[in-house]
Every structure is written in C-alpha cells, then in structure tokens.
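Chemist: I'd like to ask you about the structure that follows.
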Amino acid sequence: MFAIATDAQRQSTPHPNTQARRAPIHPTSLVPISNQIVLRQLSRAVESTDESSIATSSGASAETGGIVQRQADPNVPADGGTTATGGGQTPGGATPASGGPWTPDLLDIGLQDKATGTCLGTVGAGGGLIYSKKCPSVTGPFCQPAGTTFLVDFTVDATNLPRPAGFTPPTVWVHMTFVNGAGTTTQTIDKKDSKPTYVAPGSALKTSFGQEISVGTSESGSLHIHLQLADPDSGKTIDYFDTIQFIVTPCT
C-alpha cells in the first residue's frame, strides 16, 4: 500500500536541500578576515551567495591558492629577525579594541590592483596568495606605455580579532625595482614608514606614503616587488615577494 502525503504534510516537510538554499553564507564562517583587501574581495563574492565562489575569492581553491612563502632574503632580515621592543604608545592616538585571541600570525600584507580589484596577493590571508599567479603581466595598449596602480595594505589584526591597545607601531616598507629587457634597472620605488597610524581593527595602517603605488613604463621588462612589515613588539617580520611582467607593444 502506498502512503499519500496530505497537503499539510507537504507544507511542513521541506525539501532536503531547502535549508541549504535558504541559509545565507557569511564569509567569516569560511575564512578568517585579516585585512581590508580580503574584505573587499569577499564583499564581491557575497553577492553571488555561492559557497564555491566565496571559497575561490578567499584563496581556498587550487586555482588561486598559491602559498606566499615567508622566505629569507639575503638583503632583508629573516622572519622573526627583529628585536622586540616591548610596549609603546598606540600610533596616531587611536585606541583599538582590546581583548580577543590576538597573535602575531594576524600580521599581514596585501597587494591588489586598483582598476579591477581581481588581482590579489597576501602573506597570510586566505592561506597566502600570489598576485602574479592570477595576473602575471600588465600589457599596455598598442604603441603605448604599460602601467598600473597597486593598492598596498599593511594590517596588524582582524575585524573580529583586534590587537590589544598599547603596541609599538610596526615599520612598513615598499620596495619595487623595474628591470628592462636588457637587464638594466630603470626604476626604483622605495617607501618606508616607521610610525604608521592604527585606524581600526582589520583596517589597513595609514602610512606616510599612502596606499596607492603607480608604476608605468615605455619598455617591456620585469617589476620585482618586495613588501615588508617588521613588528618590534612580537619580534616578527613578514615579507611578500613577487615579480610581474610589463609588456609594451612597439609601434612598428
């Protein structure tokens, strides 16, 4: 004998996948939020409310999930090579929220393209991402220079894991060199701030040189990128290394 469901039973018994479709996916339940760049990426992913697209935007997929190694470089201090200096005044007079399980692992650096926001590199957020893995080159229009503007973020905590007040500001550094096809260094960008201002949990530090770094060239070559954050209180130094090709199409 076959059981026939009544109308009331049909209405009260949801389809097995109904709850999965109805339940909103909040990005913080999938990945830790540790810098403003990742927040911008996640805000785009949330519009689709699709778990796989959010995972991809956060660096969980194999396609974009390259690991940025905190490797030692002969020209810079190795990871943890700085000396902890103890307490200090919170930079800029700001008072970040205290409490929470803050750790030095929340220190992070982010690199993003300003034009589209789709190219992303980080040291820690999303498991570590390499900008050039997804966007290996910048190509200029025919018979015109090639150029782009990067957004560089340095962060010391997360929106949901703020750093306790009273820390000494870290020293942040942007170093980029452009080497043309002949092997000659034609451009050098060197910017450093030893007292950036803390704004709020999860927000980028406000540096003396700003967030935007523009690079343009009339000849093809390679841009070598080195970003560094040295935190004196924890004694930890993190580095991001990358190389991006710039392609200029000659007029003839």
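Where a number appears in this text, it was derived from the coordinates with a stated rule and is not lab data. On a predicted model such as this, the values are computed, not experimentally measured, just so you know. Ideal geometry is used to build each Cβ from the backbone, glycine not excepted, and the neighbour counts take in all protein chains shown.
Chemist: Looking at region 81-247, how many pairs of lysines come closer than 22 Å at the Cα, when each pair is eight or more places apart or spans two chains?
Modeler: Close lysine pairs under the 22 Å cut-off: 12.
Chemist: Quick one: Glu212, Glu219, fewest Cβ neighbours within 10 Å first, how do they rank?
Modeler: Glu212, Glu219
Chemist: Given the alpha-carbon gyration tensor of region 81-247, what are the semi-axes of its equivalent ellipsoid in whole angstrom, ordered largest first, with each equal to the square root of 5 times an eigenvalue? Don't skip to the answer; put the middle values down first.
Modeler: On the way: eigenvalues 208, 47, 35 Å².
Semi-axes from the Cα gyration tensor: 32, 15, 13 Å.
Chemist: Want the number for Ala165 to Ser218: 0.36 nm per residue separation, take away the alpha-carbon distance, what's left?
Modeler: 14.4 nm
Chemist: Still on this structure, please answer the following. What is the extension gain from Ser137 to Ala182, computed as 0.36 nm multiplied by their sequence separation minus the C-alpha to C-alpha distance, in nm to one decimal? Let's see the in-between values first.
Modeler: Working: separation 45, 0.36 × 45 = 16.20 nm, distance 1.79 nm.
Value of the extension gain: 14.4 nm.
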